[in-house]
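The values are calculated or read from the model by the stated rules, or taken from the named source; none is laboratory data. Predicted, not measured: the structure shown is a model, and the values here were computed from it. Cβ: placed from backbone, ideal geometry, glycine included. Neighbour counts: every protein chain shown.
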Amino acid sequence: MWSIGEIKKQGKMAFKANYWKSVIVAFLSTLLIGGTGTASYNTVKSKLSNVAITLTPAELLTILIALLALLFIISVVSILLQIFVFNPLNVGCHNFFKENVKTNSADLSEITLGFKNYGKTFVTLFLRDLFIFLWSLLFIIPGLIKSYSYRMVPYIIADEPELSSSEVISRSREMMNGHKFHTFLYDLSFIGWIILSCITAGIVGIFWVNPYILNSDAALYLELKNK
């Protein structure tokens, strides 16, 4: 079984060797995962509650319908951006860190790789997200397990472009077979850094934790690939 400490050591070494580019790509990758929908909703909700007492029931109902319509539009746009733009960019970010672990000097141009075989990237990540969503409908645990099964999909898309979408997903399942729980423990090993990032309002996360984790994740992929 691979060593958590050794994987993190490789990730830290690659990160330090290409510090600023790792920080930039990790920041971009984090933006792709995050979102402002909840914050926007809470802000609107707060403003609405402040003026609600001055509105008639009919006016309040009209505002609520408009608000729900706005939130629906924002959700649809966010989903479309995730599918058509953010997913391919995320493949590129994973490719950058994979190459950085291999060479310690990856170039920022690596993040464009997800758009070079756009159709296959789109289909593969759509299927991955759909499968995880469907498994999550059963309960949280099955969805979490499947997310570990499909964890290597972005790397495989970049690394083995000749594979079909179904072959990429199957390959990820094969790579993670027998390694999901150990990978879960590996993720837990970063908990102290994640807490420190939260305490510092994300500053430590931007300049250390996120690029450190993403380089280490790429090192884990390369380790499992060679098994």
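Which of the residues belonging to segment 155-192 are over 17 Å from residue 219 (Cβ atoms), part of a helix (DSSP H, G or I) and among the hydroxyl-bearing types (Ser, Thr, Tyr)?
Selection gives 165, 166, 170.
Residues in segment 124-156 that are out of contact with any Lys or Arg (no Cβ under 7 Å at 6 or more places or on another chain) and closer than 20 Å to residue 97 by Cβ: how many?
Let us first name the residues in segment 124-156 that are out of contact with any Lys or Arg (no Cβ under 7 Å at 6 or more places or on another chain), namely 124-130, 133-134, 136-144, 146-147, 151-152, 154.
Cutting the leftovers down to closer than 20 Å to residue 97 by Cβ gives us 124-125, 128, 147, 151-152, 154.
Within segment 124-156, residues that are out of contact with any Lys or Arg (no Cβ under 7 Å at 6 or more places or on another chain) and closer than 20 Å to residue 97 by Cβ number 7.
Is it fair to say residue 111 is β-branched (Val, Ile, Thr), over 24 Å from residue 215 (Cβ atoms), modelled with pLDDT of 75 or more and in a helix (DSSP H, G or I)? Give the steps one after another, and end with the answer.
Numbers: β-branched (Val, Ile, Thr): yes; over 24 Å from residue 215 (Cβ atoms): no; modelled with pLDDT of 75 or more: yes; in a helix (DSSP H, G or I): yes.
The answer is no for residue 111.
I'm trying to understand the selection: among the residues of segment 55-107, which are not small (Gly, Ala, Ser) and not in a helix (DSSP H, G or I)? So that I can check it myself, show each step before the final result.
From segment 55-107, those not small (Gly, Ala, Ser) are 55-57, 59-65, 67-68, 70-74, 76-77, 79-91, 93-104, 107; that's our starting set.
Residues satisfying the conditions are 55, 56, 104, 107.
Cβ contacts < 6 Å: first residue basic (Lys, Arg), restricted to segment 171-190; second residue in a helix (DSSP H, G or I), any location; separation 6+ or different chain. Result?
Here the result reads 171/156; 173/149; 180/148, each pair linking segment 171-190 to a residue that is in a helix (DSSP H, G or I).
Can you confirm whether residue 142 is part of a loop (DSSP other than H, G, I, E, B) and either over 23 Å from residue 9 (Cα atoms) or modelled with pLDDT under 95 (or both)?
On the way: part of a loop (DSSP other than H, G, I, E, B): no; either over 23 Å from residue 9 (Cα atoms) or modelled with pLDDT under 95 (or both): yes.
In short, no.
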